[in-house]
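The values are calculated or read from the model by the stated rules, or taken from the named source; none is laboratory data. Note that the structure is predicted; figures quoted are calculated from it, not measured. Cβ: placed from backbone, ideal geometry, glycine included. Neighbour counts: every protein chain shown. Note: areas computed on protein heavy atoms with side chains; ligands, DNA, RNA excluded. Shrake-Rupley method; radii C 1.70, N 1.55, O 1.52, S 1.80 Å.
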Amino acid sequence: MPDHLPTFEVFLKKCGRRTWRWRVCTTEGRLVMHGCENGRPAAKYTAERALFLMLLTAPYRPAGRASATARSSLATPASRWLPRHKMRE
């Protein structure tokens, strides 16, 4: 396991009347994913879901502890979970 594991933060920002932008960044400020939603609860949910799915597929996650279902979900593309315009590669 690496000595230094990355830490991530979720940011929400209101843009307009109903639009909220969300970002997932490293603590150093590097943008990992971003998107926008109508309504703060939807933006918060989407950002936290994106962070969870990213951590679920992390390369440092021990394979021995993962269930068969989790291991099989690693093979599915991330585009299945998030629309392409909301992913940052």
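In the P(r) worked out for region 1-58, what percent of Cα pairs fall beyond 17 Å?
Details: 643 of 1653 pairs.
Cα-Cα pairs in region 1-58 separated by more than 17 Å: 39 percent.
The GluC sites (Glu not before Pro) of region 14-51 that meet both conditions, a loop assignment by DSSP and at most 11 other Cβ atoms within 10 Å of the site Cβ, are Glu28. Ranking Thr7, Thr19 by solvent-accessible area of protein heavy atoms (1.4 Å probe, all protein chains present), from largest to smallest, gives Thr7, Thr19.
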